[in-house]
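Enquirer: Handing you a structure now.
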Amino acid sequence: MLRNKLNRFADQLAQKSQTESNTCEDRYRKAALYFKGTLCEEPAGSFIKIVTDINDTYLHGDLAINELDIDLSYYSSYFAGGDERAVLDRKKLLFFDMETTGLGGSGTVAFLIGFGSITDSGFQVRQYFLPDFPDEAAMLEAVRSEFNDETIVVSYNGKTFDMPILNDRLIIQRVERNLGFAEHVDLLHTVRRLYKRRVGNCRLSNIEREILGYYRYDDLPGELVPAVYFNWLSTEDTD
């Protein structure tokens, strides 16, 4: 009698688990379609990857990519103290940014991690989106593959905020203990030295506006991003 009840209970749990799994898969595919990305399904979980190629005529404010001087050398000493003869190889630059569920601490999760690279035809952006928390390890495995020992990371306040959180999550999920790369250029420190007296506020949006002439339209304030993500998790509202 008891065995029959346990068997029925086990069947109900299995059916519920299968229903939830199907629901998650449908939700993930819907999100991937909405974001014009690819649903990557791995043994450890699933994540959405969005790749955007930008040609060299793209205009960001007053500056187009094809207006950059490709023969200009960027020395490491421009951005931090070091060897004045060391030149940064632009092919090894990896631009990096994240959106997170909070401002730090072990409970803060990066749910959107973006990378950018200079290409022969312009610029490529690769974004990794976390559709639910149990899939974090799978997404972090993919993120780890963006780095190698020759990578030169370029960020804006990434040394203080983004990189420490990413390293914490890699360790917590047992993906990577020591993320390897050659150098980290944090442009916030350089921008402060060059422009703080001129513009005062060195937030990235203000620097874009005052230095590049780029104005963000319909932009979501950073402090609202976590709430919007949590709302999507609970309602699937993509608006």
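Enquirer: What are the semi-axes of the equivalent ellipsoid of the chain, taken as the square roots of 5 times the eigenvalues of the Cα gyration tensor, listed largest first and rounded to whole Å?
Expert: Semi-axes (√(5λ), whole Å): 40, 20, 17.
Enquirer: What shape does the range 36-125 take by its C-alpha gyration tensor, where a ≥ b ≥ c are the square roots of the eigenvalues and a/c under 1.5 counts as rounded, a/b above b/c as prolate, and the rest as oblate?
Expert: Note, shape of the range 36-125 comes out oblate.
Enquirer: Then there is this: Could you go through the range 133-141 in sequence order and give the Karplus-derived ³J(HN,Hα) for each residue, using 6.51 cos²θ - 1.76 cosθ + 1.60 with θ = phi - 60°, rounded to whole Hz, and x for Gly and Pro?
Expert: Karplus-based 3J(HN,Hα) across the range 133-141 equals 4, x, 8, 4, 4, 5, 5, 5, 4 Hz.
Enquirer: When the chain is fully extended, how far beyond the present Cα-Cα distance does A86 get from V199, taking 0.36 nm per residue of separation?
Expert: Full extension from A86 to V199 adds 37.7 nm.
Enquirer: How do the peptides 122-132, 52-62 rank, highest first, by the average count of neighbouring beta carbon atoms within 10 Å per residue?
Expert: Ranking the peptides 122-132, 52-62 by packing returns 122-132, 52-62.
Enquirer: Using +1 on the beta carbon of Lys and Arg, -1 on that of Asp and Glu, and nothing else charged, what's the dipole of the range 110-239 about the Cα centre, debye to 20?
Expert: 900 debye
Enquirer: While we're looking at this one, here's another question. How much accessible area per residue does the chain have, in Å², with a 1.4 Å probe?
Expert: With all protein chains present, the chain gives 63 Å² per residue.
Enquirer: For R209 and V225 in the same chain, what is the full-extension length gain: residue separation times 0.36 nm, less their Cα-Cα distance, in nm?
Expert: So the chain would gain 3.7 nm between R209 and V225.
Enquirer: Hey, another quick one. What is the Cα centroid distance between the range 105-154 and the range 52-72, reported in whole angstrom?
Expert: Between the Cα centres of the range 105-154 and the range 52-72 lies a distance of 23 Å.
Enquirer: Quick one: with all protein chains in place, what share of the accessible area of the range 36-174 is carbon or sulfur, to the nearest percent (1.4 Å probe)?
Expert: 50 percent
Enquirer: Evaluate E = 1/(1 + (r/R0)^6) for E25 and N178, where r is the Cβ-Cβ distance and R0 equals 30 Å; express this FRET efficiency to the nearest 0.05.
Expert: With R0 = 30 Å, the Cβ-Cβ based efficiency is 0.30.
Enquirer: What number, rounded to the nearest 500 deg cm²/dmol, is the helix-based mean residue ellipticity at 222 nm of the chain, given -39500 (n - 2.57) per DSSP H run of at least four residues and division by all its residues?
Expert: Taken over the chain, the calculation gives -10500 deg cm²/dmol.
The values are calculated or read from the model by the stated rules, or taken from the named source; none is laboratory data. The model shown is predicted, which means the values in this text are computed figures rather than measured ones. Cβ atoms come from the backbone with ideal geometry, glycine included; neighbour counts cover every protein chain shown. Surface areas here come from the heavy atoms of the whole protein model, side chains and all, with no ligands, DNA or RNA. Shrake-Rupley method; radii C 1.70, N 1.55, O 1.52, S 1.80 Å.
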